[in-house]
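I have placed the structure first, in the form of C-alpha cells, so that the comments after it can refer back to it.
The values are calculated or read from the model by the stated rules, or taken from the named source; none is laboratory data. Everything numeric in this text was worked out from a predicted model, so none of it was measured. Here the Cβ positions follow ideal geometry from the backbone for every residue, glycine too, while neighbour counts run over all protein chains shown. Ligands, DNA and RNA are excluded from the accessible area calculation, which covers all protein heavy atoms including side chains. Shrake-Rupley method; radii C 1.70, N 1.55, O 1.52, S 1.80 Å.
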Amino acid sequence: MTVTTPPSSPARPATRRVVLAIVGCAVLVALGAWAANLFGGMIDLRVYRMGGSVLLHGDSLYDAQLPGGSGLPFTYPPFAAIAMVPLAAVPWAVALVTWTTISVLCITALWRTSLPKTFWAFVTQRKRTAALIALTVLSLLLEPVWQTIQFGQINLLLTAMILLDLVRPNDTRLRGFWVGVTIGVKLTPLPFLALLVVTKQWRALRNAVLGLLATMAVGFAIVPHQSWRYWTDVILDANRVGGIAYTGNQSFNGFLHRIGNDAGWVQPAWFVLSVVFGLLVLWLARRYWLADERVTAISVMALAVLYASPISWSHHWVWIIPLGVSLIRGINRVWGLNPAVVTGVLFYGLFVLRSIWWVPYRDDRELNWTFWQSIPGNSHLIVGMIAFILLAVTSRSLPKPSTPATSESA
C-alpha cells in the first residue's frame, strides 16, 4: 500500500520563520545584554519581578521595597504584579533576555505599523526584513528607547499594544480591549479613552472599559486586600514615583517644578496647561482620525499623555517612533520630500543626542538651571511641541473628514 504524504501547510514555513526570528533575536539580545553589562542593571525589571515575587510569597505588595539600597517600591496596579509572576518564577538571566526580546520585537512592530503602505509597496520581502532590522537596531540610539531597554521598562510593550489595537479596522472583534488592559497595567494610557469618545468609537470605548475592569477583577479575585489598598490609597500617592523636578521627568509638571519648585502657582499652572493642551490635542487627533490617518491621530494623542501626566520619564517618550513617521509624512505631503527628510533627520537626531543629560541633574540641581541650561534640559518637551505645531499646520492639507465612514455604532 502506498502512503501518500499530505502536502505541508503553507502556514508552517511562515511559523518556522517567525520562531527562528524570535530565537535569533533572543540570542542577539543575550549577547548584547552581556556586552552592555545589562545583567547587573535593569532596575525597573527588578521592581516588576519584585512585585511578582511578593505575590508568590504572600507578602504586602505596596510595603515591599527593592533591596540593594535603592528602596524602590512597586507603584503599579495589582494586575501588573500578577502579570509579572512568570518573570519572577524564572532565573534572572532568563527573565532579562525574555523581557528584552519582547521589547526589541515591539520596536520592530512599531516601525512596521507606523510606516505607510506606500513605503512597502515597491520593496521585496527580503528588503522589508532588512529595513525593519536596520530601523530596530538604529532605534536603540534614541534616548527614550535605550532608556527603556536599559531600565527594563514596560513602555515599548504598552505602546505597541495601544497602537496595534487601535489601527485595526473598526469592526475587529474586541478592538479597544487591549487599550483597557494597558491602563490596568499602568494608568498613564487613560487619556486614550478620550480619543475614543471624541471620534465616536463607542464599541472600542466599551471594549477598553471592559479590558480595564477585567484587570481590576483579576486583581480583586487574586489579591483583594492589595487591590483595595491600591485603588483607594496608593493611587493617590504621587510621592512613590520619584522626584518631580528631576530632569528625566519630561512633562509640564516636571518643567514647572524645575522653574518654581514648590511654589503655590505650580499646581494650578500645571492643571491649566494640561487642560488647554489636552483640548488642543483632542481637536488635532480627531482631525487626523477622521481623515483616516490613524497612526498620526494616536501619536498626537500620546503627546497629551506625555505632557499632562504628573510624571513622564524620558523612557515614556518611545512614542517618538510613530510620531516621527507621522511628522515626516505630514511635511512630505505639504512641502515635499527633501524638507521631509531633513525634518526626520533633525527630529530623530535630537533624541539621539540625549541633550536632557547634558546639564546638571539630581540633588535638585535642576532648580538652579540657567536659561540656556533649561533648553537642553527640557529638550524632549521642546521637540515634542514643535512636532505638534507642525502636525497642526500640515493638517490643513488633509481631505475633509467623512464622519459616518469613520465613526462606530454602539
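Below is a table of values for the structure above.
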| read-out | value |
| --- | --- |
| Residues (out of contact with any helix residue (DSSP H, G or I) (no Cβ under 6 Å at 6 or more places or on another chain) and crowded, with 16+ Cβ neighbours inside 10 Å) located in segment 195-208 | K200, Q201, R203, R206 |
| Some residue of segment 14-29 being closer than 16 Å to L87 by Cα and modelled with pLDDT of 85 or more | yes |
| Count of segment 52-63 residues which are open to solvent by less than 30 Å² (accessible area, probe 1.4 Å), farther than 15 Å from V218 by Cα and in a helix (DSSP H, G or I) | 1 |
| Among the residues listed as T182, T108, T129, the single one being among the polar types (S, T, N, Q), open to solvent by 60 Å² or more (accessible area, probe 1.4 Å) and either outside any helix (DSSP H, G or I) or free of Cβ contacts under 8 Å to residues at least 60 places away in the same chain (or both) | T129 |
| Restricting segment 136-179 to residues that are under 14 Å from the mean Cα position of the chain (by Cα) and outside any helix (DSSP H, G or I), the residue that is nearest to L190 (Cα to Cα) | I154 |
| Any chance T113 is of a type in the set (V, I, T) and within 18 Å of the chain's Cα centre (by Cα) | yes |
| Selected residue (criterion: nearest to L213 (Cα to Cα)) from residues of segment 152-179 that are touching a residue at least 60 places away in the same chain (Cβ under 8 Å) and of a type in the set (V, I, T) | I162 |
| Residue match in segment 43-51 (condition: aliphatic (A, V, I, L, M), closer than 23 Å to I321 by Cβ, within 20 Å of the chain's Cα centre (by Cα) and buried (at least 19 other Cβ atoms within 10 Å of the Cβ)) | yes |
| A93, sole failed condition from (1) of a type in the set (G, A, S); (2) open to solvent by less than 40 Å² (accessible area, probe 1.4 Å); (3) in a helix (DSSP H, G or I) | (2) |
| Out of L337, L350, L367, sole residue that is without any contact (Cβ under 8 Å) to a residue 24 or more places away in the chain and either surrounded by fewer than 21 Cβ atoms within 10 Å (Cβ to Cβ) or touching a Cys at 6+ places or on another chain (Cβ under 8 Å) (or both) | L337 |
| Residues of segment 29-42 satisfying the condition of being aliphatic (A, V, I, L, M), surrounded by fewer than 19 Cβ atoms within 10 Å (Cβ to Cβ) and within 21 Å of N155 (Cβ to Cβ) | A36 |
| Qualifying residue in segment 77-88 (condition: among the aromatic types (F, W, Y), open to solvent by 30 Å² or more (accessible area, probe 1.4 Å) and within 23 Å of the chain's Cα centre (by Cα)) | yes |
| Meets criteria (in contact with a helix residue (DSSP H, G or I) (Cβ under 7 Å, 6 or more places away or on another chain), open to solvent by 60 Å² or more (accessible area, probe 1.4 Å), outside any loop (DSSP other than H, G, I, E, B) and closer than 19 Å to I389 by Cβ) for L284 | no |
| Residue match in segment 64-71 (condition: open to solvent by less than 30 Å² (accessible area, probe 1.4 Å), at pLDDT 85 or above and touching a helix residue (DSSP H, G or I) at 6+ places or on another chain (Cβ under 6 Å)) | yes |
| Condition met for T118 (assigned to a helix (DSSP H, G or I) and either free of Cβ contacts under 8 Å to residues at least 24 places away in the same chain or open to solvent by 10 Å² or more (accessible area, probe 1.4 Å) (or both)) | yes |
| Test: I102 is touching a residue at least 24 places away in the same chain (Cβ under 8 Å) and over 18 Å from the mean Cα position of the chain (by Cα) | no |
| Complete set of residues in segment 247-279 that are part of a loop (DSSP other than H, G, I, E, B) and of a type in the set (D, E, K, R) | D262 |
| Residue under evaluation I311, criteria (1) β-branched (V, I, T); (2) at pLDDT below 95; (3) more than 18 Å from the chain's Cα centre (by Cα), criterion not met | (3) |
| Matching residues in segment 96-105 - criterion: being of a type in the set (S, T, N, Q) and surrounded by 19 or more Cβ atoms within 10 Å (Cβ to Cβ) | T100, T101, S103 |
| Answer residue from segment 132-166, given it is surrounded by 15 or more Cβ atoms within 10 Å (Cβ to Cβ) and among the small types (G, A, S) and is nearest to V179 (Cα to Cα) among those | A160 |
| Residue in segment 301-323 that is open to solvent by 30 Å² or more (accessible area, probe 1.4 Å), over 16 Å from L390 (Cβ atoms) and in contact with a Leu (Cβ under 7 Å, 6 or more places away or on another chain) present | no |
